[in-house]
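Undergrad: Dropping the structure in here first, questions after.
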Amino acid sequence: MCGIVGYVGERSSIEVLLGGLRRLEYRGYDSAGVAIVTPGNGLVSHKRSGKLGILSDDLGHNPLAEGHTGIAHTRWATHGGPTDENAHPHLGDGGKLALIHNGIIENFHELKQELLAEGEEFLSQTDSEVAALMVGRSYREHGNLTKAMQEVVSRLEGAFTLLVVHQDQPGVVVGARRNSPLVVGLGEGENFLGSDVAAFVAYTKKAMALGQDQIVTLRSTEVSVITFDGEPVEAAPFDIDWDASAADKGGWSSFMAKEISEEPEAVANTLRGRLGDDGLVALPELDALIGDGSAINRIIFVACGTASYASMVGLYAIEKWSGIPVGVELSHEFRYREPAIDEHTLVVSVSQSGETMDTLMAVRYAAERGAKTLSICNTQGATIPRESGAALYTHAGPEVAVASTKAFLAQVVACYLLGMYLGQARGLLSTKESAALADDLHKLPGQLEEMVKTGPRIQELARWMADTRSVLYLGRHVGYPIALEGALKLKELAYIHAEGFAAGELKHGPIALIEPGQIVFVIVPSPRDPMSLHSKVVSNIQEIRARGARVIALAEQGDAAVLPFADEVIPIPLTSTFMEPLLAVVPLHIFGMELAGAKGLDIDQPRNLAKSVTVE
Ligand code: F6R
């Protein structure tokens, strides 16, 4: 949560900083601010509550003095409401130093009391201002910004990324991180800092992730890193494989519309080079961790929200193909129930951002107890993959809209690759089965293109339902997590009551919710499905129709059995059981987006949310 940008170089820093904030605004959008060290006017800064556009407009009318060193912040409020005063940067050393912060300083209250007793005055209700005043005081003492930062971080508890600039140190930005992300962008005669690479990918494709408890001192031609204890660190650079334009909206009305249109490509990219036509899976990045799979007797997925639903789809596949028992847990519940895990447990975290604090903590907990840890992640250089035993990257490209769409599909595909890899390593998945799955998976991108084309029809449905107050989703087997995902998208985007149920659970309670006019989306398994779940779900449709529900069925093309009972049928191309959820989810993503649009809501930045939840 909160987006952070830093810059030192030849360019006008305001342009770089506002551009970076625009690309990071999905991380928080309660308020925004910038601070620049100028050659003639010392430190200048401006901050405003509200979205980034408000700050940009202000700066358009009253530009700040030019400078080549600066920091900028977009906020998701934790301590103190989203007001101008609580926006970052916060100032220290009598206004000569500016600081921005992402995270929560847990011991800020006692530090604040200390500072108040020493006569410091606070202008905000934030925990962050404590750090600004402390770094300012320490800098006054010995005139070294890196040392000041080092002194202060040793007193802070909690999660933080901090960036500071000082007017007496033009050409220097100092950053520190503990439990919150910070990545360095390495340019020619210029360097960058960002909460993630999206902040600077327009300028450089070379980056370096800062490790836990490290401090970076950034100059235009030099980047030096030390630990909180002052030990020098050699950090390895990596190449960013995102296209700079990928983080731009292009001609689309919203990032979410663009990202849904990229769902076929996200799947194709995640498969690329990993799955032969014969069905053999090559994932060399997992070989050292997993070997022949014989040392693993249990798999536990840890994830939150949409990523947990992708994991649930993965559960059905991986358990079936590898014969290993699989469980899925919400990251924030996992470590508090003291799970019985050991070196034979593979804990797989799934996270688009790779920074979700709850998931990171679950991974650390698992590693401390000797479990093998594997990260399925979409963001290079993020903390979770770096702290895991191995990383399987999804290649969905940058996801900017707060609600996750294309990353979900890429996560499911990565889970399938993992399941096939384990099934093959353990000799349980036959050559014939592998080849059939490969065939289905390779067909997916083309079939997903067809699903994306359902857009105009779904838009009509959404317009027709703009006043709806409640929508239910039913699914079974791999369709069940899709029902949960459809409901989550509607809640977070359109702010209406939505719930997903396992269709088999209907008669155990939820059917009481059905009254005339209740809209229910039903994900119908294929009539060719070997488990014969089709007829059971069709019976469920009849049961709810008999009680007045309006049914929108997502059913296989030509499935005549649902036609008499559905008000609308969205056809799904012919495929196999495990591919159907990937196809069925597309219209549900579109529906969430279109209903939000029909209600005039902000599609990319729904209220109260932030894309990367880096606080617990
Ligand atoms: C919903 C959504 C969230 C995220 C969740 C985990 O549309 O985006 O539920 O899936 O916050 O985020 P990551 O995948 O970054 O760990």
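The values are calculated or read from the model by the stated rules, or taken from the named source; none is laboratory data. The model shown is predicted, which means the values in this text are computed figures rather than measured ones. We place every Cβ from the backbone using ideal geometry, glycine too, and count neighbours over all the protein chains shown. Heads up: the accessible areas ignore ligands, DNA and RNA and are worked out on the full protein's heavy atoms, side chains in. Shrake-Rupley method; radii C 1.70, N 1.55, O 1.52, S 1.80 Å.
Undergrad: Of the residues S331, S294, S308, S322, which is within 16 Å of the ligand (Cβ to nearest atom) and out of contact with any Cys (no Cβ under 8 Å at 6 or more places or on another chain)?
TA: S308
Undergrad: Having 2 or more residues that are within 25 Å of L609 (Cβ to Cβ) and in contact with a helix residue (DSSP H, G or I) (Cβ under 9 Å, 6 or more places away or on another chain) is the bar; report the helices (runs of 4 or more DSSP H) wholly within segment 244-357 that clear it.
TA: So the answer is 255-261, 263-271, 305-322, 331-334.
Undergrad: When you look at E259, is it closer than 23 Å to V8 by Cα and either outside the structural domain of Y7 (by TED's automatic domain parsing) or surrounded by fewer than 17 Cβ atoms within 10 Å (Cβ to Cβ) (or both), yes or no?
TA: no
Undergrad: Being at pLDDT 95 or above, within 30 Å of E10 (Cα to Cα) and small (G, A, S) narrows it down to one residue among A117, A98; which is it?
TA: A98
Undergrad: How many residues does segment 562-593 contain that are farther than 30 Å from T78 by Cβ, open to solvent by less than 40 Å² (accessible area, probe 1.4 Å) and not aromatic (F, W, Y)?
TA: So the count comes out to 20.
Undergrad: Among T431, T468, which is buried (at least 18 other Cβ atoms within 10 Å of the Cβ) and away from the ligand (no atom under 16 Å from the Cβ)? Spell out the reasoning first.
TA: Numbers: T431 fails: buried (at least 18 other Cβ atoms within 10 Å of the Cβ).
Being buried (at least 18 other Cβ atoms within 10 Å of the Cβ) and away from the ligand (no atom under 16 Å from the Cβ) holds for just one of T431, T468, which is T468.
Undergrad: Which one of these does L123 not meet: (1) open to solvent by less than 30 Å² (accessible area, probe 1.4 Å); (2) part of a loop (DSSP other than H, G, I, E, B)?
TA: (1)
Undergrad: Output the residues belonging to segment 99-127 that are farther than 16 Å from F160 by Cβ, in contact with a helix residue (DSSP H, G or I) (Cβ under 8 Å, 6 or more places away or on another chain) and touching a residue at least 24 places away in the same chain (Cβ under 8 Å).
TA: L123
Undergrad: Follow-up. Being within 16 Å of the ligand (Cβ to nearest atom), over 25 Å from A295 (Cα atoms), buried (at least 20 other Cβ atoms within 10 Å of the Cβ) and at pLDDT 95 or above: is that true of L409 here?
TA: In short, yes.
Undergrad: I want to confirm something. Restricting to segment 373-404 and keeping residues that are surrounded by fewer than 22 Cβ atoms within 10 Å (Cβ to Cβ) and part of a strand (DSSP E or B), which single residue is farthest from the ligand (Cβ to nearest atom)?
TA: Among those that are surrounded by fewer than 22 Cβ atoms within 10 Å (Cβ to Cβ) and part of a strand (DSSP E or B), it is A390.
Undergrad: Shifting gears a bit: Considering only segment 488-523, state which residues are within 18 Å of V569 (Cα to Cα) and either touching a Phe, Trp or Tyr at 6+ places or on another chain (Cβ under 6 Å) or in contact (Cβ under 8 Å) with a residue 40 or more places away in the chain (or both).
TA: Q518, I519, V520, F521, V522, I523
Undergrad: Among residues belonging to segment 358-370 that are in contact with a strand residue (DSSP E or B) (Cβ under 6 Å, 6 or more places away or on another chain) and open to solvent by less than 10 Å² (accessible area, probe 1.4 Å), point out the one that is nearest to V615 (Cα to Cα).
TA: T359
Undergrad: Please work out if A502 is more than 16 Å from the ligand (Cβ to nearest atom), among the small types (G, A, S), open to solvent by 20 Å² or more (accessible area, probe 1.4 Å) and on the phi < 0 side of the Ramachandran plot.
TA: So A502 passes the test.
Undergrad: Could you check segment 138-171 and list, in sequence order, the residues that are buried (at least 20 other Cβ atoms within 10 Å of the Cβ) and assigned to a loop (DSSP other than H, G, I, E, B)?
TA: Selection gives L156, Q167, Q169.
Undergrad: V348 passes all but one of (1) of a type in the set (A, V, I, L, M, F, W, C); (2) within 16 Å of the ligand (Cβ to nearest atom); (3) in contact with a Lys or Arg (Cβ under 7 Å, 6 or more places away or on another chain); which number fails?
TA: (3)
Undergrad: Quick one: which of L601, L609, L595, L582 is out of contact with any strand residue (DSSP E or B) (no Cβ under 7 Å at 6 or more places or on another chain), within 12 Å of the ligand (Cβ to nearest atom) and touching a residue at least 24 places away in the same chain (Cβ under 8 Å)? Break it down stepwise before answering.
TA: On the way: L601 fails: within 12 Å of the ligand (Cβ to nearest atom); L595 fails: within 12 Å of the ligand (Cβ to nearest atom); L582 fails: within 12 Å of the ligand (Cβ to nearest atom).
Just a single option satisfies the conditions, and that option is L609.
Undergrad: Would you mind telling me which numbered condition in (1) away from the ligand (no atom under 16 Å from the Cβ); (2) more than 29 Å from A367 (Cα to Cα); (3) surrounded by 24 or more Cβ atoms within 10 Å (Cβ to Cβ) L418 fails?
TA: Here L418 clears every test but (2).
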